[in-house]
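The values are calculated or read from the model by the stated rules, or taken from the named source; none is laboratory data. Bear in mind the structure is a predicted one, so any value in this text is a computation, not a measurement. Positions of Cβ are backbone-derived with ideal geometry, glycine not excepted, and every protein chain shown enters the neighbour counts.
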4 protein chains.
Amino acid sequence: MRKNKISFTVRYGETDQMGVVYHGNYAQYLELGRLSWLKDLDVSYKKMEETGVILPVISLQINFKKSALYDDTITVVTKLKKKPSVKIEFDYEIYNENDELLVTANTVLAFLNKETKRPIKCPDYVLKKIDDYYDF
Amino acid sequence: MRKNKISFTVRYGETDQMGVVYHGNYAQYLELGRLSWLKDLDVSYKKMEETGVILPVISLQINFKKSALYDDTITVVTKLKKKPSVKIEFDYEIYNENDELLVTANTVLAFLNKETKRPIKCPDYVLKKIDDYYDF
Amino acid sequence: MRKNKISFTVRYGETDQMGVVYHGNYAQYLELGRLSWLKDLDVSYKKMEETGVILPVISLQINFKKSALYDDTITVVTKLKKKPSVKIEFDYEIYNENDELLVTANTVLAFLNKETKRPIKCPDYVLKKIDDYYDF
Amino acid sequence: MRKNKISFTVRYGETDQMGVVYHGNYAQYLELGRLSWLKDLDVSYKKMEETGVILPVISLQINFKKSALYDDTITVVTKLKKKPSVKIEFDYEIYNENDELLVTANTVLAFLNKETKRPIKCPDYVLKKIDDYYDF
(Lines give C-alpha, C1' and ligand atoms only; values in the text may rest on other atoms or scores of the structure.)
Protein backbone atom coordinates (compact mmCIF):
# COMPACT_ATOMS: atom_id res chain seq x y z
CA MET A 1 0.00 0.00 0.00
CA ARG A 2 1.45 3.34 -1.14
CA LYS A 3 1.87 6.03 1.48
CA ASN A 4 2.99 9.60 1.23
CA LYS A 5 5.47 11.15 3.62
CA ILE A 6 6.02 14.87 3.96
CA SER A 7 8.32 16.53 6.48
CA PHE A 8 8.44 20.13 7.64
CA THR A 9 9.44 22.20 10.62
CA VAL A 10 7.10 23.46 13.34
CA ARG A 11 6.69 27.24 13.22
CA TYR A 12 6.95 29.43 16.31
CA GLY A 13 3.51 30.91 15.74
CA GLU A 14 2.01 27.42 15.85
CA THR A 15 2.82 26.96 19.53
CA ASP A 16 0.62 28.03 22.42
CA GLN A 17 1.35 28.93 26.02
CA MET A 18 1.59 25.24 26.99
CA GLY A 19 4.87 25.45 25.04
CA VAL A 20 3.74 22.92 22.41
CA VAL A 21 1.95 23.05 19.05
CA TYR A 22 -1.63 24.25 19.52
CA HIS A 23 -3.86 21.21 18.95
CA GLY A 24 -6.02 23.01 16.38
CA ASN A 25 -3.02 23.52 14.10
CA TYR A 26 -2.77 19.81 13.34
CA ALA A 27 -5.67 20.20 10.89
CA GLN A 28 -3.28 22.18 8.68
CA TYR A 29 -0.58 19.53 9.08
CA LEU A 30 -2.99 16.80 7.92
CA GLU A 31 -3.93 18.96 4.97
CA LEU A 32 -0.27 19.28 4.00
CA GLY A 33 -0.14 15.48 4.17
CA ARG A 34 -3.10 14.76 1.91
CA LEU A 35 -2.22 17.50 -0.60
CA SER A 36 1.24 15.95 -0.81
CA TRP A 37 -0.43 12.54 -1.30
CA LEU A 38 -2.43 14.04 -4.19
CA LYS A 39 0.68 15.60 -5.76
CA ASP A 40 2.46 12.28 -5.45
CA LEU A 41 -0.40 10.87 -7.55
CA ASP A 42 0.24 13.75 -9.93
CA VAL A 43 -3.05 15.45 -9.02
CA SER A 44 -2.99 19.16 -8.21
CA TYR A 45 -5.72 20.18 -5.80
CA LYS A 46 -5.36 23.73 -7.11
CA LYS A 47 -6.24 22.58 -10.63
CA MET A 48 -9.06 20.44 -9.31
CA GLU A 49 -10.61 23.56 -7.74
CA GLU A 50 -10.04 25.55 -10.93
CA THR A 51 -11.95 22.89 -12.87
CA GLY A 52 -14.91 23.22 -10.51
CA VAL A 53 -14.39 20.44 -7.96
CA ILE A 54 -13.92 21.24 -4.29
CA LEU A 55 -13.07 18.76 -1.58
CA PRO A 56 -14.14 19.97 1.85
CA VAL A 57 -13.41 17.99 5.01
CA ILE A 58 -16.63 16.49 6.40
CA SER A 59 -15.14 14.54 9.27
CA LEU A 60 -11.95 15.06 11.27
CA GLN A 61 -10.65 12.76 14.02
CA ILE A 62 -7.36 13.35 15.79
CA ASN A 63 -5.77 11.47 18.69
CA PHE A 64 -2.97 13.36 20.39
CA LYS A 65 -0.35 11.11 21.97
CA LYS A 66 2.71 13.29 22.33
CA SER A 67 3.38 16.96 21.71
CA ALA A 68 5.29 18.55 18.87
CA LEU A 69 7.59 21.41 19.86
CA TYR A 70 8.74 24.54 18.09
CA ASP A 71 11.51 23.79 15.57
CA ASP A 72 10.78 20.03 15.57
CA THR A 73 10.92 18.48 12.15
CA ILE A 74 7.80 16.39 11.90
CA THR A 75 6.68 13.88 9.29
CA VAL A 76 3.08 13.33 8.22
CA VAL A 77 2.40 9.86 6.79
CA THR A 78 -0.79 9.80 4.73
CA LYS A 79 -2.60 6.66 3.57
CA LEU A 80 -5.69 6.33 1.43
CA LYS A 81 -8.13 4.18 3.36
CA LYS A 82 -10.24 2.81 0.52
CA LYS A 83 -11.18 3.46 -3.07
CA PRO A 84 -12.91 6.84 -3.20
CA SER A 85 -16.49 7.33 -4.40
CA VAL A 86 -18.29 10.57 -3.54
CA LYS A 87 -16.03 10.65 -0.51
CA ILE A 88 -12.35 10.05 0.05
CA GLU A 89 -10.92 8.88 3.36
CA PHE A 90 -7.39 9.15 4.69
CA ASP A 91 -5.51 7.82 7.71
CA TYR A 92 -2.55 9.73 9.05
CA GLU A 93 0.31 9.31 11.45
CA ILE A 94 2.56 12.16 12.53
CA TYR A 95 6.08 11.48 13.85
CA ASN A 96 8.84 13.65 15.23
CA GLU A 97 12.50 13.29 14.25
CA ASN A 98 13.02 10.65 16.95
CA ASP A 99 10.35 8.53 15.25
CA GLU A 100 8.00 9.02 18.15
CA LEU A 101 4.36 8.80 17.14
CA LEU A 102 2.72 12.12 18.02
CA VAL A 103 -0.68 11.86 16.41
CA THR A 104 -2.96 9.41 14.62
CA ALA A 105 -5.78 10.88 12.60
CA ASN A 106 -8.47 10.25 10.04
CA THR A 107 -10.32 12.58 7.71
CA VAL A 108 -13.20 12.08 5.31
CA LEU A 109 -13.64 14.59 2.49
CA ALA A 110 -16.48 14.97 0.00
CA PHE A 111 -16.19 15.76 -3.70
CA LEU A 112 -18.51 18.68 -4.44
CA ASN A 113 -19.40 20.71 -7.48
CA LYS A 114 -17.92 24.14 -6.70
CA GLU A 115 -20.95 26.06 -7.99
CA THR A 116 -23.89 23.93 -6.84
CA LYS A 117 -22.12 22.56 -3.72
CA ARG A 118 -23.75 19.20 -4.57
CA PRO A 119 -21.91 15.90 -4.13
CA ILE A 120 -20.28 14.43 -7.21
CA LYS A 121 -18.23 11.32 -7.84
CA CYS A 122 -14.46 11.35 -7.56
CA PRO A 123 -13.22 12.65 -10.97
CA ASP A 124 -12.32 9.83 -13.37
CA TYR A 125 -8.76 11.00 -13.89
CA VAL A 126 -8.17 10.73 -10.16
CA LEU A 127 -9.77 7.28 -9.97
CA LYS A 128 -7.63 6.09 -12.87
CA LYS A 129 -4.46 7.22 -11.14
CA ILE A 130 -5.53 5.49 -7.95
CA ASP A 131 -6.29 2.29 -9.88
CA ASP A 132 -2.76 2.35 -11.26
CA TYR A 133 -1.25 2.24 -7.82
CA TYR A 134 -3.68 0.48 -5.52
CA ASP A 135 -5.69 -2.67 -5.62
CA PHE A 136 -8.68 -2.38 -3.39
CA MET B 1 -28.48 18.24 32.09
CA ARG B 2 -26.83 21.65 32.13
CA LYS B 3 -25.41 22.96 28.89
CA ASN B 4 -23.44 26.06 28.10
CA LYS B 5 -24.17 28.29 25.14
CA ILE B 6 -21.81 30.88 23.79
CA SER B 7 -22.33 32.99 20.69
CA PHE B 8 -19.86 34.99 18.65
CA THR B 9 -19.32 36.27 15.14
CA VAL B 10 -17.17 34.59 12.50
CA ARG B 11 -14.05 36.64 11.69
CA TYR B 12 -12.95 37.39 8.14
CA GLY B 13 -9.53 35.87 8.71
CA GLU B 14 -11.18 32.57 9.68
CA THR B 15 -12.48 31.97 6.16
CA ASP B 16 -10.57 30.25 3.37
CA GLN B 17 -10.81 30.42 -0.39
CA MET B 18 -13.84 28.11 -0.42
CA GLY B 19 -15.59 31.18 1.02
CA VAL B 20 -16.44 29.47 4.31
CA VAL B 21 -14.79 29.06 7.71
CA TYR B 22 -11.60 26.98 7.37
CA HIS B 23 -12.36 23.60 8.96
CA GLY B 24 -9.31 23.73 11.21
CA ASN B 25 -10.60 26.85 12.93
CA TYR B 26 -13.47 24.98 14.59
CA ALA B 27 -10.99 23.65 17.16
CA GLN B 28 -10.81 27.21 18.50
CA TYR B 29 -14.61 27.50 18.48
CA LEU B 30 -14.94 24.32 20.56
CA GLU B 31 -12.34 25.71 22.96
CA LEU B 32 -14.40 28.88 23.38
CA GLY B 33 -17.34 26.60 24.16
CA ARG B 34 -15.68 24.52 26.85
CA LEU B 35 -13.91 27.47 28.48
CA SER B 36 -17.29 29.18 28.66
CA TRP B 37 -18.70 25.97 30.18
CA LEU B 38 -15.94 26.12 32.80
CA LYS B 39 -16.61 29.80 33.56
CA ASP B 40 -20.28 29.02 33.89
CA LEU B 41 -19.23 26.54 36.60
CA ASP B 42 -17.21 29.40 38.09
CA VAL B 43 -13.92 27.75 37.19
CA SER B 44 -11.26 29.85 35.44
CA TYR B 45 -9.00 27.83 33.19
CA LYS B 46 -6.43 30.59 33.50
CA LYS B 47 -6.30 30.13 37.28
CA MET B 48 -6.24 26.37 36.89
CA GLU B 49 -3.07 26.71 34.78
CA GLU B 50 -1.57 29.16 37.28
CA THR B 51 -2.07 26.60 40.04
CA GLY B 52 -0.19 23.99 38.02
CA VAL B 53 -2.91 22.03 36.24
CA ILE B 54 -3.05 21.95 32.45
CA LEU B 55 -5.79 20.38 30.37
CA PRO B 56 -4.57 19.45 26.88
CA VAL B 57 -6.91 17.98 24.28
CA ILE B 58 -6.09 14.31 23.71
CA SER B 59 -8.85 13.50 21.25
CA LEU B 60 -10.79 15.70 18.84
CA GLN B 61 -13.66 14.57 16.62
CA ILE B 62 -15.60 16.95 14.40
CA ASN B 63 -18.37 16.26 11.89
CA PHE B 64 -19.00 19.09 9.45
CA LYS B 65 -22.57 19.26 8.19
CA LYS B 66 -22.94 22.79 6.93
CA SER B 67 -20.57 25.71 6.53
CA ALA B 68 -20.30 28.84 8.63
CA LEU B 69 -19.79 32.06 6.69
CA TYR B 70 -17.98 35.29 7.46
CA ASP B 71 -20.05 37.54 9.74
CA ASP B 72 -22.39 34.70 10.78
CA THR B 73 -23.25 34.70 14.44
CA ILE B 74 -22.75 31.16 15.58
CA THR B 75 -23.57 29.43 18.84
CA VAL B 76 -21.54 26.67 20.44
CA VAL B 77 -23.51 24.40 22.77
CA THR B 78 -21.24 22.50 25.14
CA LYS B 79 -22.27 19.51 27.25
CA LEU B 80 -20.25 17.51 29.75
CA LYS B 81 -20.49 13.87 28.72
CA LYS B 82 -19.80 12.19 32.04
CA LYS B 83 -18.28 12.78 35.44
CA PRO B 84 -14.61 13.60 34.90
CA SER B 85 -11.78 11.52 36.36
CA VAL B 86 -8.27 11.93 34.95
CA LYS B 87 -10.03 12.91 31.75
CA ILE B 88 -12.95 15.17 30.92
CA GLU B 89 -15.14 14.68 27.87
CA PHE B 90 -17.41 17.16 26.10
CA ASP B 91 -19.99 16.97 23.32
CA TYR B 92 -20.65 20.05 21.21
CA GLU B 93 -23.11 21.32 18.67
CA ILE B 94 -22.58 24.48 16.66
CA TYR B 95 -25.53 26.36 15.16
CA ASN B 96 -25.88 29.40 12.95
CA GLU B 97 -28.40 32.17 13.55
CA ASN B 98 -31.06 30.26 11.56
CA ASP B 99 -30.68 27.39 14.03
CA GLU B 100 -29.14 25.20 11.40
CA LEU B 101 -26.81 22.59 12.86
CA LEU B 102 -23.34 23.18 11.38
CA VAL B 103 -21.15 20.89 13.40
CA THR B 104 -21.27 18.13 15.99
CA ALA B 105 -18.08 17.43 17.88
CA ASN B 106 -16.50 15.67 20.81
CA THR B 107 -13.29 16.30 22.70
CA VAL B 108 -11.50 14.44 25.45
CA LEU B 109 -9.01 16.37 27.59
CA ALA B 110 -6.56 15.11 30.20
CA PHE B 111 -5.74 16.74 33.53
CA LEU B 112 -1.96 16.98 33.77
CA ASN B 113 0.50 18.33 36.28
CA LYS B 114 2.01 21.33 34.50
CA GLU B 115 5.58 20.55 35.63
CA THR B 116 5.77 16.78 35.37
CA LYS B 117 3.24 16.46 32.53
CA ARG B 118 1.88 13.40 34.38
CA PRO B 119 -1.85 12.64 34.56
CA ILE B 120 -3.65 13.75 37.70
CA LYS B 121 -7.25 13.55 38.86
CA CYS B 122 -9.71 16.30 38.15
CA PRO B 123 -9.15 18.88 40.93
CA ASP B 124 -11.56 18.44 43.85
CA TYR B 125 -12.96 21.96 43.64
CA VAL B 126 -13.97 21.29 40.05
CA LEU B 127 -15.54 17.92 40.93
CA LYS B 128 -17.48 19.54 43.75
CA LYS B 129 -18.91 22.17 41.45
CA ILE B 130 -19.88 19.49 38.95
CA ASP B 131 -21.56 17.45 41.70
CA ASP B 132 -23.64 20.47 42.61
CA TYR B 133 -25.11 20.68 39.15
CA TYR B 134 -25.11 17.19 37.66
CA ASP B 135 -26.13 13.79 38.80
CA PHE B 136 -24.23 11.14 36.91
CA MET C 1 -13.81 62.85 16.09
CA ARG C 2 -15.88 59.67 16.22
CA LYS C 3 -14.10 56.49 17.30
CA ASN C 4 -15.25 52.94 17.53
CA LYS C 5 -14.51 50.71 20.50
CA ILE C 6 -14.87 46.96 20.48
CA SER C 7 -13.94 44.62 23.33
CA PHE C 8 -13.36 40.89 23.31
CA THR C 9 -11.45 38.22 25.16
CA VAL C 10 -8.10 36.76 24.12
CA ARG C 11 -8.40 33.12 23.04
CA TYR C 12 -6.06 30.40 24.28
CA GLY C 13 -5.12 29.42 20.75
CA GLU C 14 -3.93 32.97 20.11
CA THR C 15 -1.05 32.68 22.56
CA ASP C 16 2.40 31.35 21.74
CA GLN C 17 5.11 29.77 23.85
CA MET C 18 6.23 33.17 25.15
CA GLY C 19 2.96 32.96 27.11
CA VAL C 20 1.46 36.01 25.39
CA VAL C 21 -0.63 36.69 22.28
CA TYR C 22 1.35 35.80 19.14
CA HIS C 23 2.22 39.12 17.48
CA GLY C 24 0.82 38.04 14.11
CA ASN C 25 -2.65 37.64 15.60
CA TYR C 26 -3.05 41.38 16.15
CA ALA C 27 -3.84 41.74 12.44
CA GLN C 28 -7.12 39.96 13.19
CA TYR C 29 -7.76 42.20 16.18
CA LEU C 30 -7.34 45.31 14.05
CA GLU C 31 -9.72 43.82 11.50
CA LEU C 32 -12.32 43.31 14.22
CA GLY C 33 -11.84 46.97 15.07
CA ARG C 34 -12.34 48.40 11.61
CA LEU C 35 -15.24 46.08 10.74
CA SER C 36 -16.89 47.25 13.93
CA TRP C 37 -16.17 50.84 12.87
CA LEU C 38 -17.89 50.11 9.55
CA LYS C 39 -20.92 48.54 11.28
CA ASP C 40 -21.12 51.53 13.55
CA LEU C 41 -21.44 53.60 10.37
CA ASP C 42 -24.16 51.15 9.34
CA VAL C 43 -21.99 49.68 6.57
CA SER C 44 -21.69 45.89 6.32
CA TYR C 45 -18.40 44.75 4.85
CA LYS C 46 -20.09 41.48 3.95
CA LYS C 47 -22.62 43.33 1.78
CA MET C 48 -19.92 45.50 0.29
CA GLU C 49 -18.16 42.34 -0.89
CA GLU C 50 -21.41 40.91 -2.20
CA THR C 51 -21.91 44.04 -4.28
CA GLY C 52 -18.49 43.61 -5.84
CA VAL C 53 -16.21 45.82 -3.76
CA ILE C 54 -13.31 44.34 -1.82
CA LEU C 55 -11.09 46.20 0.59
CA PRO C 56 -7.71 44.49 0.99
CA VAL C 57 -5.09 45.79 3.40
CA ILE C 58 -2.19 47.35 1.49
CA SER C 59 -0.17 48.58 4.44
CA LEU C 60 0.01 47.38 8.03
CA GLN C 61 2.04 48.99 10.81
CA ILE C 62 1.96 47.75 14.39
CA ASN C 63 3.95 48.89 17.42
CA PHE C 64 3.90 46.46 20.30
CA LYS C 65 4.30 48.12 23.69
CA LYS C 66 2.94 45.57 26.14
CA SER C 67 1.68 42.01 25.81
CA ALA C 68 -1.88 40.76 25.92
CA LEU C 69 -2.42 37.55 27.86
CA TYR C 70 -4.85 34.68 27.52
CA ASP C 71 -8.28 35.57 28.92
CA ASP C 72 -7.53 39.31 28.96
CA THR C 73 -10.41 41.44 27.82
CA ILE C 74 -8.93 43.86 25.34
CA THR C 75 -10.41 46.89 23.63
CA VAL C 76 -9.59 48.02 20.11
CA VAL C 77 -10.14 51.73 19.48
CA THR C 78 -10.43 52.50 15.77
CA LYS C 79 -10.25 55.95 14.21
CA LEU C 80 -10.62 57.03 10.60
CA LYS C 81 -7.51 59.02 9.72
CA LYS C 82 -8.87 61.10 6.85
CA LYS C 83 -11.62 61.23 4.28
CA PRO C 84 -11.29 58.11 2.10
CA SER C 85 -10.68 58.25 -1.65
CA VAL C 86 -9.45 55.11 -3.42
CA LYS C 87 -7.87 54.25 -0.08
CA ILE C 88 -9.06 54.34 3.49
CA GLU C 89 -6.73 54.72 6.45
CA PHE C 90 -7.26 53.85 10.10
CA ASP C 91 -5.37 54.41 13.33
CA TYR C 92 -5.82 51.98 16.19
CA GLU C 93 -5.03 51.65 19.86
CA ILE C 94 -5.46 48.44 21.81
CA TYR C 95 -5.89 48.50 25.59
CA ASN C 96 -6.21 45.83 28.25
CA GLU C 97 -8.76 45.97 31.07
CA ASN C 98 -6.36 48.03 33.21
CA ASP C 99 -6.37 50.67 30.48
CA GLU C 100 -2.76 49.94 29.65
CA LEU C 101 -1.90 50.73 26.05
CA LEU C 102 -0.71 47.49 24.42
CA VAL C 103 -0.51 48.40 20.78
CA THR C 104 -0.70 51.34 18.40
CA ALA C 105 -1.29 50.56 14.77
CA ASN C 106 -2.18 51.93 11.37
CA THR C 107 -3.61 50.26 8.28
CA VAL C 108 -4.29 51.50 4.77
CA LEU C 109 -6.81 49.60 2.67
CA ALA C 110 -7.67 49.96 -1.01
CA PHE C 111 -11.14 49.86 -2.57
CA LEU C 112 -10.99 47.35 -5.45
CA ASN C 113 -13.46 46.01 -7.97
CA LYS C 114 -13.83 42.36 -6.93
CA GLU C 115 -13.74 41.05 -10.52
CA THR C 116 -11.12 43.22 -12.16
CA LYS C 117 -9.09 43.82 -8.99
CA ARG C 118 -8.70 47.43 -10.20
CA PRO C 119 -8.80 50.38 -7.79
CA ILE C 120 -12.11 52.19 -7.49
CA LYS C 121 -13.31 55.13 -5.44
CA CYS C 122 -14.84 54.66 -2.02
CA PRO C 123 -18.53 53.85 -2.70
CA ASP C 124 -20.76 56.94 -2.50
CA TYR C 125 -23.06 55.54 0.18
CA VAL C 126 -20.02 55.06 2.42
CA LEU C 127 -18.73 58.57 1.70
CA LYS C 128 -22.13 60.01 2.49
CA LYS C 129 -22.26 58.28 5.83
CA ILE C 130 -18.79 59.50 6.65
CA ASP C 131 -19.77 63.06 5.67
CA ASP C 132 -22.67 62.88 8.12
CA TYR C 133 -20.36 62.21 11.01
CA TYR C 134 -17.02 63.77 10.24
CA ASP C 135 -15.81 67.08 9.03
CA PHE C 136 -12.47 66.73 7.32
CA MET D 1 25.70 42.29 2.29
CA ARG D 2 24.60 38.76 3.22
CA LYS D 3 20.94 37.92 2.80
CA ASN D 4 18.98 34.83 3.61
CA LYS D 5 16.49 33.28 1.24
CA ILE D 6 13.91 30.72 2.25
CA SER D 7 11.24 29.28 -0.01
CA PHE D 8 8.05 27.41 0.89
CA THR D 9 4.59 26.75 -0.45
CA VAL D 10 1.45 28.64 0.54
CA ARG D 11 -0.96 26.44 2.55
CA TYR D 12 -4.66 26.22 1.76
CA GLY D 13 -5.60 27.21 5.28
CA GLU D 14 -3.64 30.45 4.87
CA THR D 15 -6.03 31.80 2.24
CA ASP D 16 -9.19 33.76 2.97
CA GLN D 17 -12.38 34.30 1.03
CA MET D 18 -10.72 36.90 -1.22
CA GLY D 19 -8.97 33.82 -2.66
CA VAL D 20 -5.51 35.02 -1.60
CA VAL D 21 -3.27 34.64 1.46
CA TYR D 22 -4.85 36.38 4.46
CA HIS D 23 -2.74 39.48 5.10
CA GLY D 24 -2.23 38.63 8.77
CA ASN D 25 -0.44 35.40 7.86
CA TYR D 26 2.55 37.26 6.44
CA ALA D 27 3.77 37.82 10.00
CA GLN D 28 4.48 34.07 10.13
CA TYR D 29 6.23 34.21 6.75
CA LEU D 30 8.53 36.98 7.97
CA GLU D 31 9.26 34.93 11.05
CA LEU D 32 10.27 31.97 8.89
CA GLY D 33 12.58 34.36 7.08
CA ARG D 34 14.40 35.75 10.08
CA LEU D 35 14.66 32.37 11.86
CA SER D 36 16.24 31.03 8.67
CA TRP D 37 18.56 34.06 8.71
CA LEU D 38 19.54 33.15 12.29
CA LYS D 39 20.13 29.48 11.37
CA ASP D 40 22.25 30.59 8.45
CA LEU D 41 24.37 32.42 11.03
CA ASP D 42 24.41 29.13 12.95
CA VAL D 43 22.24 30.57 15.74
CA SER D 44 19.25 28.54 16.90
CA TYR D 45 16.41 30.68 18.23
CA LYS D 46 15.18 27.64 20.14
CA LYS D 47 18.47 27.41 22.03
CA MET D 48 18.49 31.15 22.59
CA GLU D 49 15.11 30.83 24.34
CA GLU D 50 16.33 27.85 26.34
CA THR D 51 19.26 29.92 27.59
CA GLY D 52 16.88 32.61 28.79
CA VAL D 53 16.81 35.15 25.96
CA ILE D 54 13.57 35.93 24.13
CA LEU D 55 13.22 38.13 21.09
CA PRO D 56 9.69 39.51 20.75
CA VAL D 57 8.68 41.67 17.80
CA ILE D 58 8.20 45.27 18.91
CA SER D 59 7.43 46.78 15.51
CA LEU D 60 6.00 45.26 12.35
CA GLN D 61 5.54 47.08 9.04
CA ILE D 62 4.25 45.35 5.92
CA ASN D 63 3.46 46.79 2.49
CA PHE D 64 1.32 44.54 0.34
CA LYS D 65 1.89 44.99 -3.40
CA LYS D 66 0.59 41.79 -4.93
CA SER D 67 -1.21 38.74 -3.55
CA ALA D 68 0.16 35.28 -2.92
CA LEU D 69 -2.12 32.42 -3.91
CA TYR D 70 -2.65 28.93 -2.56
CA ASP D 71 0.10 26.56 -3.74
CA ASP D 72 2.41 29.39 -4.81
CA THR D 73 6.01 28.82 -3.92
CA ILE D 74 7.15 32.04 -2.32
CA THR D 75 10.59 33.22 -1.27
CA VAL D 76 11.32 35.42 1.71
CA VAL D 77 14.52 37.43 1.45
CA THR D 78 15.74 38.63 4.84
CA LYS D 79 18.39 41.28 5.43
CA LEU D 80 19.85 42.57 8.67
CA LYS D 81 19.42 46.34 8.65
CA LYS D 82 22.19 47.32 11.03
CA LYS D 83 24.39 45.98 13.78
CA PRO D 84 22.08 44.89 16.62
CA SER D 85 22.24 46.36 20.13
CA VAL D 86 19.30 45.83 22.49
CA LYS D 87 17.23 45.63 19.32
CA ILE D 88 17.65 43.88 16.00
CA GLU D 89 16.07 45.13 12.79
CA PHE D 90 15.34 43.27 9.58
CA ASP D 91 14.15 44.21 6.10
CA TYR D 92 12.29 41.67 4.02
CA GLU D 93 11.09 41.13 0.50
CA ILE D 94 8.73 38.34 -0.52
CA TYR D 95 8.61 37.11 -4.12
CA ASN D 96 6.53 34.55 -5.95
CA GLU D 97 7.96 32.01 -8.39
CA ASN D 98 7.67 34.53 -11.26
CA ASP D 99 9.97 36.84 -9.31
CA GLU D 100 7.17 39.30 -8.75
CA LEU D 101 7.63 41.34 -5.59
CA LEU D 102 4.63 40.65 -3.33
CA VAL D 103 5.60 42.30 -0.09
CA THR D 104 8.21 44.54 1.47
CA ALA D 105 8.44 44.55 5.23
CA ASN D 106 10.44 45.57 8.25
CA THR D 107 10.49 44.27 11.80
CA VAL D 108 12.26 45.40 14.93
CA LEU D 109 12.73 42.88 17.74
CA ALA D 110 14.00 43.39 21.28
CA PHE D 111 16.35 41.12 23.20
CA LEU D 112 14.74 40.43 26.58
CA ASN D 113 15.63 38.39 29.62
CA LYS D 114 13.03 35.63 29.60
CA GLU D 115 12.41 35.80 33.36
CA THR D 116 12.52 39.51 34.09
CA LYS D 117 11.27 40.60 30.66
CA ARG D 118 13.85 43.41 30.85
CA PRO D 119 15.85 44.51 27.80
CA ILE D 120 19.33 43.06 27.44
CA LYS D 121 22.07 43.44 24.88
CA CYS D 122 22.31 41.15 21.89
CA PRO D 123 24.21 38.06 23.19
CA ASP D 124 27.95 38.23 22.47
CA TYR D 125 28.07 34.97 20.54
CA VAL D 126 25.47 36.38 18.14
CA LEU D 127 27.34 39.69 17.78
CA LYS D 128 30.55 37.81 17.06
CA LYS D 129 28.94 35.81 14.30
CA ILE D 130 27.50 38.95 12.80
CA ASP D 131 30.92 40.65 12.96
CA ASP D 132 32.37 37.74 11.00
CA TYR D 133 30.03 38.31 8.11
CA TYR D 134 29.12 41.98 8.05
CA ASP D 135 30.95 45.21 8.30
CA PHE D 136 28.71 47.94 9.53
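What about A:TYR134, is it closer than 22 Å to A:LYS5 by Cβ, of a type in the set (Phe, Trp, Tyr), surrounded by 14 or more Cβ atoms within 10 Å (Cβ to Cβ) and over 17 Å from the mean Cα position of the chain (by Cα)?
Values: closer than 22 Å to A:LYS5 by Cβ: yes; of a type in the set (Phe, Trp, Tyr): yes; surrounded by 14 or more Cβ atoms within 10 Å (Cβ to Cβ): no; over 17 Å from the mean Cα position of the chain (by Cα): yes.
Against the criterion (closer than 22 Å to A:LYS5 by Cβ, of a type in the set (Phe, Trp, Tyr), surrounded by 14 or more Cβ atoms within 10 Å (Cβ to Cβ) and over 17 Å from the mean Cα position of the chain (by Cα)), A:TYR134 does not qualify.
Residues that are more than 13 Å from chain B (Cβ to nearest Cβ), of a type in the set (A, V, I, L, M) and in contact (Cβ under 8 Å) with a residue 24 or more places away in the chain: does the range A:15-31 have at least one?
No, the range A:15-31 contains no residue that is more than 13 Å from chain B (Cβ to nearest Cβ), of a type in the set (A, V, I, L, M) and in contact (Cβ under 8 Å) with a residue 24 or more places away in the chain.
How do the pairs read when you match residues in the range B:33-46 that are more than 9 Å from chain C (Cβ to nearest Cβ) with residues anywhere that are outside any loop (DSSP other than H, G, I, E, B) and among the aliphatic types (A, V, I, L, M), using Cβ under 6 Å and keeping only pairs 6 or more apart or on different chains?
So the pair list comes out as B:GLY33/B:ILE6; B:GLY33/B:VAL76; B:SER36/B:ILE6; B:VAL43/B:VAL126.
Within the range D:65-114, how many residues turn out to be in contact (Cβ under 8 Å) with a residue 40 or more places away in the chain, more than 14 Å from D:VAL10 (Cβ to Cβ) and hydrophobic (A, V, I, L, M, F, W, C)?
Selection size over the range D:65-114: 9.
Would you mind telling me which numbered condition in (1) closer than 26 Å to A:ASN25 by Cα; (2) under 16 Å from the mean Cα position of the chain (by Cα) D:ASP42 fails?
(1)
Spot the failing condition for B:GLN28; the list is (1) closer than 23 Å to A:VAL20 by Cβ; (2) modelled with pLDDT under 95, and only one is missed.
(2)
Take the range D:62-106 and flag every residue that is at positive phi and either polar (S, T, N, Q) or within 14 Å of another protein chain (Cβ to nearest Cβ) (or both).
Within the range D:62-106, D:ASP71 is the sole residue that qualifies.
Would you call B:PHE64 over 21 Å from A:VAL108 (Cβ atoms) and surrounded by 14 or more Cβ atoms within 10 Å (Cβ to Cβ)?
no
Give the range C:47-61 a look and list any residue that's away from chain B (no Cβ under 12 Å) and surrounded by fewer than 20 Cβ atoms within 10 Å (Cβ to Cβ), or say none.
Correct list: C:THR51, C:GLY52, C:VAL53, C:ILE58, C:SER59, C:GLN61.
When the residues of the range D:1-22 are filtered to those that are at pLDDT 95 or above and within 16 Å of the chain's Cα centre (by Cα), which remaining residue is surrounded by the most Cβ atoms within 10 Å (Cβ to Cβ)?
Applying the filter and picking the extreme gives D:ASN4.
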